[in-house]
Amino acid sequence: MKIMKFAKGIIAAVLCAGLLAGCAGKNAESGSNAEGDAAGAANAPTSISVTALKGPTAMGMTKLMADDETNGYPYEFAIHAAVDEISPLIIQGKTDIACVPANLASVLYNKTQGGVKVIALNTLGVLYICENGSTVTDISSLKGKTIFASGKGATPEYALNYILKQNGIDPEKDVTIEWKSEHSECLSSLTATEGSVALLPQPFVTTAQMKNEGINVVIDLTEEWDKLGNGSACITGAVIARKEFVEQHPEAVDEFLKRYAESVNYVTTNVAEGAQLVGKYDIVPAAVAEKAIPECNIVCITGAEMKQKLSGYLGVLFQQLNTSVGGALPADDFYYGA
């Protein structure tokens, strides 16, 4: 990909030189407009680092990743398996844009003293409680169970705890939550142990069911959240960007959001083709992606709607445990374009 971009850059430079020579007269006539265009082009970033987690947050980007290869866009994509690999990149300024768990966006805002902005929501509720068996029928029947889960300190932990507490179950006394470092570990434990229970996001739910026909989705956390009628939405993922990058390159941010929205629309409306791209970039196998995409709640929500949904969600988490959002709710400057 790097070589392709370099070659395209050389060709573009040669073409640009010819265009400049041919248009010299027009530039002289247009004066300040030409100077403004040149200044804008000079300020455009030559490379934009974009990071995401394996799963729905990355699945929606796959058409943009393919377009980047074809068109020589300035993006450098990286997909990571664990959220712990992404946070340091943001804090150290080694990535410009990142897809992260929704609550982590707020945590990073507080940790960096306002150094990040949320620019979009990319995944609504995708968390499900699955059982390798059929003994769990509702939230109350989870009492006494061991639940395999990953995402401690992030959206999965806080959403699960909230749902349990709201249904009269103490997460520390009434159930045993066995935390794993990655969703794939939960998947392995679930498929290998009859009668076991796991909290899984899509597309890992689909993967589990394809590996073991005895695995059932017994609780949809998004449905349980909505039943509580708290005026908020259960949100899994958000897209954030470094404040410095946003302030220096607002046009690049807007262009990214435009292309990202187009990518999400393509993947969610052309499921078979989108699934092939998901497989190509080794997020999950294409066969799994084709079944999982319709259940993944992949979106690209920006502006005022983004602020309304995310602020409500963070407010619920803050009331439950203020450290889940970094100790304080973000100020209005956290929400880009709102």
Of (1) over 29 Å from Val325 (Cβ atoms); (2) modelled with pLDDT of 90 or more; (3) open to solvent by 60 Å² or more (accessible area, probe 1.4 Å), Ser196 fails just (3)
Single match in Gly144, Gly55, Gly151, Gly133 (criterion: under 22 Å from Ser188 (Cα atoms) and out of contact with any strand residue (DSSP E or B) (no Cβ under 8 Å at 6 or more places or on another chain))
Gly144
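Report yes if Ser263 is touching a Lys or Arg at 6+ places or on another chain (Cβ under 8 Å), of a type in the set (S, T, N, Q), at pLDDT 95 or above and not in a strand (DSSP E or B), otherwise no. Break it down into steps so the answer makes sense when it comes.
Numbers: touching a Lys or Arg at 6+ places or on another chain (Cβ under 8 Å): yes; of a type in the set (S, T, N, Q): yes; at pLDDT 95 or above: yes; not in a strand (DSSP E or B): yes.
Against the criterion (touching a Lys or Arg at 6+ places or on another chain (Cβ under 8 Å), of a type in the set (S, T, N, Q), at pLDDT 95 or above and not in a strand (DSSP E or B)), Ser263 qualifies.
Here are Ile119, Ile79: which of them is closer than 29 Å to Ala275 by Cβ and open to solvent by less than 10 Å² (accessible area, probe 1.4 Å)?
On the way: Ile79 fails: open to solvent by less than 10 Å² (accessible area, probe 1.4 Å).
The match here is Ile119.
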Count of segment 91-116 residues which are more than 20 Å from Thr323 (Cβ to Cβ), touching a strand residue (DSSP E or B) at 6+ places or on another chain (Cβ under 9 Å) and open to solvent by 30 Å² or more (accessible area, probe 1.4 Å)
2
Ala159 versus (1) more than 24 Å from Val284 (Cβ to Cβ); (2) out of contact with any Lys or Arg (no Cβ under 6 Å at 6 or more places or on another chain); (3) among the hydrophobic types (A, V, I, L, M, F, W, C): which is the lone unmet condition?
(1)
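Of all residues in segment 262-308, how many are under 15 Å from Leu121 (Cβ atoms) and either open to solvent by less than 40 Å² (accessible area, probe 1.4 Å) or out of contact with any strand residue (DSSP E or B) (no Cβ under 9 Å at 6 or more places or on another chain) (or both)?
The initial filter retains those residues of segment 262-308 that are under 15 Å from Leu121 (Cβ atoms), namely 263-265, 268, 296-308.
Retained after the next criterion (residues that are either open to solvent by less than 40 Å² (accessible area, probe 1.4 Å) or out of contact with any strand residue (DSSP E or B) (no Cβ under 9 Å at 6 or more places or on another chain) (or both)): 263-264, 296, 298-301, 303, 306, 308.
The total comes to 10.
Among Lys211, Lys165, Lys173, Lys145, which is basic (Lys, Arg) and either under 17 Å from the mean Cα position of the chain (by Cα) or buried (at least 16 other Cβ atoms within 10 Å of the Cβ) (or both)?
Values: Lys211 fails: either under 17 Å from the mean Cα position of the chain (by Cα) or buried (at least 16 other Cβ atoms within 10 Å of the Cβ) (or both); Lys165 fails: either under 17 Å from the mean Cα position of the chain (by Cα) or buried (at least 16 other Cβ atoms within 10 Å of the Cβ) (or both); Lys173 fails: either under 17 Å from the mean Cα position of the chain (by Cα) or buried (at least 16 other Cβ atoms within 10 Å of the Cβ) (or both).
Criteria check complete, one pass: Lys145.
Can you say whether Ile169 is modelled with pLDDT of 90 or more and in a loop (DSSP other than H, G, I, E, B), as far as the supplied structure shows? Full working, then the answer.
On the way: modelled with pLDDT of 90 or more: yes; in a loop (DSSP other than H, G, I, E, B): yes.
It is true that Ile169 is modelled with pLDDT of 90 or more and in a loop (DSSP other than H, G, I, E, B).
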Just to be sure, is Leu164 at pLDDT 90 or above, part of a helix (DSSP H, G or I) and of a type outside the set (S, T, N, Q)?
yes
Taking segment 227-255 only, how many residues are over 21 Å from the mean Cα position of the chain (by Cα) and among the acidic types (Asp, Glu)?
2
Kindly provide the set of residues from segment 309-321 that are assigned to a helix (DSSP H, G or I), closer than 16 Å to Leu160 by Cα and open to solvent by 20 Å² or more (accessible area, probe 1.4 Å), ordered by number.
Phe318, Gln319, Gln320
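Can you tell me how many residues in segment 176-193 are aliphatic (A, V, I, L, M), open to solvent by less than 60 Å² (accessible area, probe 1.4 Å) and either over 22 Å from Asp84 (Cα atoms) or touching a His at 6+ places or on another chain (Cβ under 8 Å) (or both)?
Kept after step one, since they are aliphatic (A, V, I, L, M), are these residues of segment 176-193: 177, 187, 190, 192.
Next, only the ones that are open to solvent by less than 60 Å² (accessible area, probe 1.4 Å) stay: 177, 187, 190.
Checking the rest, the ones that are also either over 22 Å from Asp84 (Cα atoms) or touching a His at 6+ places or on another chain (Cβ under 8 Å) (or both) come to 190.
Selection size over segment 176-193: 1.
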Anything in segment 78-94 that is touching a helix residue (DSSP H, G or I) at 6+ places or on another chain (Cβ under 8 Å), without any contact (Cβ under 8 Å) to a residue 60 or more places away in the chain and not small (Gly, Ala, Ser)? List them, or say none.
Ile91, Lys94
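Considering each residue of segment 226-256, count those that are assigned to a strand (DSSP E or B) and farther than 15 Å from Val299 by Cα, and give that number. Lay out the reasoning, then the answer.
The first filter runs over segment 226-256 and keeps only residues assigned to a strand (DSSP E or B), leaving 235-242.
Those left that are additionally farther than 15 Å from Val299 by Cα: 241-242.
Adding up the residues that qualify gives 2.
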Considering only residues of segment 129-142 that are in a loop (DSSP other than H, G, I, E, B) and over 16 Å from Thr193 (Cβ atoms), which is farthest from the chain's Cα centre (by Cα)?
Thr137
Residue count, segment 231-260, condition open to solvent by less than 50 Å² (accessible area, probe 1.4 Å), farther than 29 Å from Met210 by Cα and modelled with pLDDT of 95 or more, comes to 14
Mind counting the residues in segment 41-67 that are touching a Ser or Thr at 6+ places or on another chain (Cβ under 9 Å), of a type in the set (Gly, Ala, Ser) and crowded, with 22+ Cβ neighbours inside 10 Å?
2
Enumerate the helices (runs of 4 or more DSSP H) found wholly within segment 52-128, keeping only those where 2 or more residues are under 22 Å from Thr268 (Cα atoms).
56-59, 62-71
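The values are calculated or read from the model by the stated rules, or taken from the named source; none is laboratory data. Predicted model only: the values in this text are computed from it and were never measured. Cβ sites come from the backbone with ideal geometry, for glycine too, and all protein chains shown count toward neighbours. Side chains included, ligands, DNA and RNA excluded: accessible areas come from the protein's heavy atoms. Shrake-Rupley method; radii C 1.70, N 1.55, O 1.52, S 1.80 Å.
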